[in-house]
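The values are calculated or read from the model by the stated rules, or taken from the named source; none is laboratory data. Owing to the predicted nature of the structure, the values given are computational and were not obtained by experimental measurement. All Cβ positions, glycine included, derive from the backbone under ideal geometry; neighbour counts span all protein chains shown.
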Amino acid sequence: MATPAKKKSDENIEQKNTSKRKRKQKQHNPNVAMVLSILFAGLGQLYNRRFLKGSIFIIIETAFLIVFLESINYGLWGLRTLGTIQGTDHSIRLLVLGVLSLIVTIIVITLYVFNVIDARKQAKKIQNGWKPMNLRDSLSAFYDYAFPYIMTFPGLLLMIFVVIFPLLFSVLLAFTNYDLYNSPPRNLVDWVGFDNFTNLITVPIWQDTFLSVFSWTIVWTVVATTLQIALGIFLAVLVNDERVKFKKLIRTILILPWAVPAFVTILVFSAMFNDDFGAINRDIIVPMFGGDGIAWLSDPMYSRIAIVLIQTWLGFPFIFALITGVLQSISKDWYEAADIDGASRFQKFRNITFPHVMFATAPLMIMQYASNFNNFNVIYLFNEGGPPVRGQNAGGTDILISWVYKLTFDTNNYSMAAVISIIMGLIVSGFAFYQFRRTRSFKEEGEI
Amino acid sequence: MNRKTKNRLEVLAIYFIIGIVAVLIFYPLVWTVGMSFNQGTSLYSSTLIPENFSLEHYRWLFSEDSDYLLWYKNSMIVSVANAIGSVVLTSLVAYAFSRYKFVGRKNGLYVFLLLQMFPVMMAMVALYIFLNMLGLLDTLTGLILIYLGGQIPFNAWLVKGYFDTIPRELDEAARIDGAGHLRVFWSVMLPLAKPILAVVALFNFMAPLFDFLLPTIVLSSEENYTLAVGLYNFINDQFANNFTRFAAGSMLIAVPIAAVYLFLQRYLISGLASGGTKG
């Protein structure tokens, strides 16, 4: 049994200890930790007595300084100047290196900012009397914290190089004069600011071509997509009629065009529509209507019609299959109620079927429009965007994306292609952004 | 006109419309089949029902002169690697997005989806130079890496939508029993998400098979071609416009693919609809 005096002295010691610790806590200054880790990543963590974390940061920064600093410096120099010595400096390679350096720099800056914030947070915690855990616990806490980052890391890394890096590169190209005449290694490429954008609007040939291609792209997107959606819904409703037999067989047949690879069918169609010896002219048009057949490939008007028809053929089965699934989930009660009210067939479709279908599939329908806007395959494989049109440098059926392809790979007008890519990307992603936000807010409302 | 005849006429009209559509669907397909059995190489002489039935094109494809089998093998390598890789990568990403809180969770996927809407033509110039720097130009590995990176946003969004429908109580229960992060992923999430993972695998198996644009840029030597590039060159070659050979070569890959699609279309559609609307 402890005497009261001893008890008192124990309390005294304890008080002394706590006050000592408190003073030590007070002395631990978050600002010092912050300044230290700004000076060199990891120092702040050492000050916080997180030795493992601190040394990892120090190792990363040292490695970065030793390995990358020089090449990044070179890369950023290249990005700024695009090379200075004609014939030696390869501007485009410098641009690629520059973009890569930029990405690495941004990653390193992010890590650095994270290190500073982390040091400050931890120092504050210590100041407020937080006791560090032992190694094992802190490791497992770190694992918990870092787990989602570890999971996304491989995907993120790939996406940085496959999505972000090429995008940055092409956006930057739009502000250079990179084309057939200014191409490395013979010549240097220069930054030209917004010149390409002004040229697109002011130089007649660019202006004309852009306007005509752009308007055809919009017409194409709206007409072809709407046709394929309308035909898909129409056939789905038709086949869903309870009086129709052999439903399974019919559905299988109607889905066939989706199942056969589009690459093959488009090329076959382009042979069939051939002006001189295509099956459509030879076997159908000429025997039935006489004459020399229709100039499917060489007359812009007919080419456009042919392409819209082909896309409808290719695109309706997917919609058909989708809608068939939705139709089967609409309760029969709706229709029975409508029958009692004496609704006509069209009224039933308008007020029951159509809203149901649209409610369930709107996002996928919107994506159909977006994908046709960028539908390179049909246009290019059918007749490479042709036929040629006088007074402009795109073909009669060229939509923006196939025009960009031609500018890039046929005439090597990279900078203009980049300008048009940016415009297209802004249109489609703006459209999609609006749509995402609408469906999202809609959904969140629904969840409450 | 009484009710019964009207009814009968209506049904007849429905069948008539379906019949017309069926003819329109079969016409080009039958024509392709017919062409592959025609003799000679030109379109002039080929007819819907071959007058001189011959297997010469099929025989040629398997003969010593053609690289067809090599291309087939390359395509299979790319497709299988892409299917497996995409399932692994996207399920990891989707798991993190569906169950954890981290910086960028809310908008990360959407940002990438929007960025991907920018046309890829210019990107190809960049990727070409980049692959060249890494020494991966004209290799299947380089091609696969690009496919793998490009498919993540859409498929991760799809799989995340599906993961979100799996009740959280299940993984909480597993955690109480002492399962770690990976254990929950492996033993709870993955088995329940099998349908959508199958859809992702199938999509990514099919997607590279008939993509000709990227491979034409990445692959330059003929022994590295994938099927689409090789087949396209049959008809695109200025000096050997060989349409019948193209038809034969396409048949051998299109028929198995069509069969798989028809067999699995219900799962494809429901996968798209469920992941897509809930994402």
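Taking the stretch A:223-251 as the range and being of a type in the set (Val, Ile, Thr) and part of a helix (DSSP H, G or I) as the test, the residues that pass are A:Val223, A:Thr225, A:Thr226, A:Ile229, A:Ile233, A:Val237, A:Val239, A:Ile250. For the residues A:Val108, A:Val104, A:Val113, A:Val99, the requirement of being assigned by TED's automatic domain parsing to the domain that holds A:Leu39, in contact with a Leu (Cβ under 7 Å, 6 or more places away or on another chain) and on the phi < 0 side of the Ramachandran plot singles out A:Val99. Is at least one residue of the stretch B:225-234 in a helix (DSSP H, G or I), free of Cβ contacts under 8 Å to residues at least 12 places away in the same chain, farther than 17 Å from B:Val87 by Cβ and of a type in the set (S, T, N, Q)? Scanning the stretch B:225-234, I find at least one residue that is in a helix (DSSP H, G or I), free of Cβ contacts under 8 Å to residues at least 12 places away in the same chain, farther than 17 Å from B:Val87 by Cβ and of a type in the set (S, T, N, Q), so the answer is yes. Within the stretch B:115-150, being within 21 Å of the chain's Cα centre (by Cα), more than 7 Å from every other protein chain (Cβ to nearest Cβ) and outside any helix (DSSP H, G or I) holds for B:Val120, B:Thr139. In the stretch A:294-309, the residues that are within 19 Å of A:Asp283 (Cα to Cα) reach residues that are assigned to a helix (DSSP H, G or I) and among the aliphatic types (A, V, I, L, M) with C-beta atoms within less than 6 angstrom, at least six apart or across chains, in these pairs: A:Ile294/A:Ile285; A:Trp296/A:Ala306.
Rundown of residues vs (1) crowded, with 16+ Cβ neighbours inside 10 Å; (2) under 35 Å from the mean Cα position of the chain (by Cα), yes/no style:
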site: A:Trp130; (1), (2): no, no
site: A:Met133; (1), (2): no, no
site: A:Leu157; (1), (2): no, yes
site: A:Phe161; (1), (2): yes, yes
site: A:Leu168; (1), (2): yes, yes
site: A:Leu172; (1), (2): yes, yes
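Looking at the structure I just gave you, is B:Ala22 touching a Leu at 6+ places or on another chain (Cβ under 9 Å), at pLDDT 90 or above and within 13 Å of chain A (Cβ to nearest Cβ)? Answer is yes for this residue. Of the helices (runs of 4 or more DSSP H) lying entirely inside the stretch A:252-350, those containing at least 3 residues that are in contact with a Pro (Cβ under 8 Å, 6 or more places away or on another chain) are A:262-272, A:300-327.
Number of residues in the stretch A:159-187 that are of a type outside the set (Phe, Trp, Tyr) and not in a loop (DSSP other than H, G, I, E, B): the value is 13.
The residue that is nearest to A:Asn372 (Cα to Cα), among those in the stretch A:285-319 that are among the polar types (S, T, N, Q) and more than 14 Å from chain B (Cβ to nearest Cβ), is A:Ser303. All conditions in (1) free of Cβ contacts under 8 Å to residues at least 40 places away in the same chain; (2) more than 13 Å from chain B (Cβ to nearest Cβ); (3) under 18 Å from A:Asp179 (Cβ atoms) hold for A:Phe409, with the sole exception of (2). Of everything in the stretch B:198-233 that is over 27 Å from B:Val125 (Cβ atoms) and surrounded by 22 or more Cβ atoms within 10 Å (Cβ to Cβ), the residue that is modelled with the highest pLDDT is B:Val200. The one condition from (1) surrounded by fewer than 21 Cβ atoms within 10 Å (Cβ to Cβ); (2) modelled with pLDDT under 90; (3) away from chain B (no Cβ under 14 Å) that A:Pro185 does not meet is (3).
Each row is one residue, and each column tells you yes or no for (1) more than 14 Å from chain B (Cβ to nearest Cβ); (2) free of Cβ contacts under 8 Å to residues at least 12 places away in the same chain.
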position: A:Trp206; (1), (2): yes, no
position: A:Lys245; (1), (2): no, yes
position: A:Asp275; (1), (2): no, no
position: A:Ala279; (1), (2): no, yes
position: A:Asp283; (1), (2): no, yes
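Does the stretch A:320-334 contain any residue that is touching a residue at least 40 places away in the same chain (Cβ under 8 Å), more than 12 Å from every other protein chain (Cβ to nearest Cβ) and out of contact with any helix residue (DSSP H, G or I) (no Cβ under 8 Å at 6 or more places or on another chain)? Taking every residue of the stretch A:320-334 in turn, none turns out to be touching a residue at least 40 places away in the same chain (Cβ under 8 Å), more than 12 Å from every other protein chain (Cβ to nearest Cβ) and out of contact with any helix residue (DSSP H, G or I) (no Cβ under 8 Å at 6 or more places or on another chain). Identify all residues within the stretch A:208-226 that are surrounded by fewer than 15 Cβ atoms within 10 Å (Cβ to Cβ) and not β-branched (Val, Ile, Thr); write none if there are none. Selection gives A:Leu211, A:Ser215. Out of the residues in the stretch A:138-155 that are at the interface with another protein chain (Cβ under 8 Å from one of its Cβ atoms) and surrounded by 13 or more Cβ atoms within 10 Å (Cβ to Cβ), state the one that is farthest from B:Arg105 (Cα to Cα). The selected residue is A:Pro154. For the structure I just gave you, tell me whether A:Leu200 is of a type outside the set (S, T, N, Q), under 30 Å from A:Ile399 (Cα atoms), in the same structural domain as A:Ser421 (by TED's automatic domain parsing) and touching a residue at least 24 places away in the same chain (Cβ under 8 Å). The answer is yes for A:Leu200. For the residues B:Leu43, B:Leu92, the requirement of being facing chain A (nearest Cβ under 8 Å) and modelled with pLDDT under 85 singles out B:Leu43. Checked against (1) touching a residue at least 60 places away in the same chain (Cβ under 8 Å); (2) over 20 Å from B:Ile235 (Cβ atoms), B:Asn74 passes all but condition (2).
Looking only at residues of the stretch A:341-366 that are without any contact (Cβ under 8 Å) to a residue 40 or more places away in the chain and aliphatic (A, V, I, L, M), we find that the one that is farthest from the other protein chains (Cβ to nearest Cβ) is A:Ile352.
What tally of residues in the stretch A:188-205 results from selecting those that are surrounded by 20 or more Cβ atoms within 10 Å (Cβ to Cβ) and in a helix (DSSP H, G or I)?
1
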